[in-house]
Amino acid sequence: MKKRGLLALFLLAGMLAYSQTEAELKAEKAVKKDSIAAIQGRVNALQSQIDALPGWKTGAFGTIGVNLSSFNNWYSQGFPNNSAGNIGFTVNAFANLKEEKFFWRNSANVNLQWVKLDDKDDATDSDSFREATDVFNITSLYGRKLSEKFAISTLGEYRTTILNNFNDPGYLDIGVGGTWTPTDNLVVVIHPLNYNFVFSSEDTIFNSSLGAKIVADYTRQVGAINFKSNLSLFQSYESGDLSNWTWINSFSYTLWKMIGVGFDFGLRNNKQEALNYSINTLGNTTETFDTVDNDLQTYWTIGLSYAF
């Protein structure tokens, strides 16, 4: 009995010692976490001061997605012998100049993607990659400051595709108005005098017009997270059929050095493009602006991300 009692006592003492050690380790871990959070806060504060300094600021981040596969005699699927692939990447780059009396902000967004599905048993099936996503957008904004947050400004923005139908259509916005910069990360452009030049071989569908331009851009880095959201809207004074808007969002989380995971998605509404697709791709030759289904255009990409 004495031996059993001593054994039980030793076990109880060991459990109490383990529990005490675990509690102490958890308490020490909590203190270190608080210290890390405090250090990160000071780093973020210093970065804000750096961002506020005059001069050029440049950077870029984006997403890379690659998926390749090959099957031979895989009889459980419809195409037992095939090769498939998906390759895509996005780029969000900026070069911004900030001075006491003026600023000049430049940005570019590119999203390109290729896909293929080759049925090896079909001699007529293509084994080549074909274009799937094709987005190209560059913007340049110059502002002369009236105060720290308001400026008179001029904007140039060009949008098109570059893999297929380059500049057909292409859109060039040039306008003047005002820019509001409530923070270093948020820029809101309101230009009531803007001309939307549309370049296309389809003159009966695509038309240039005068209107208002609104752009809202939010770009920020918080620790390992990069994100950018850009809304570009043109409201035609001539007709709502000639208006359009595009909203592009990009997120990335850095896991190691410059590499991480990223996600991009975009939305667009453009009635001229919808009518052109219905007539020239689907063959609905009697379609008009009044009858066309102007469905919301969307895309998304997920994959490895990079930042520098």
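Since every read-out is calculated from the coordinates, none of them should be taken as a lab result. As the structure is a computational prediction, the values presented were derived from the model and not from experiment. All Cβ positions, glycine included, derive from the backbone under ideal geometry; neighbour counts span all protein chains shown.
Data table
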{"read-out": "Principal axis box of segment 242-302, alpha-carbon based, largest edge first, Å", "value": "55, 22, 12"}
{"read-out": "Radius, Kirkwood style, for segment 205-308 when every pair of distinct Cα atoms is counted (Å)", "value": "16.0 Å"}
{"read-out": "Peptides ranked, highest mean first, by Cβ atoms within 10 Å: ranges 114-121, 155-162", "value": "155-162, 114-121"}
{"read-out": "Rg/Rg_globular for segment 111-154, with Rg_globular taken as 2.2 N^0.38 Å and Rg from C-alpha atoms", "value": "2.49"}
{"read-out": "More than 15 Å apart - percent of Cα-Cα pairs taken over segment 125-176", "value": "61 percent"}
{"read-out": "Whole-number Å³ per residue for the convex hull built on Cα positions in segment 102-219", "value": "110 Å³"}
{"read-out": "Percent RCO, i.e. relative contact order, over segment 182-242, from Cα pairs under 8 Å lying at least 6 residues apart", "value": "33 percent"}
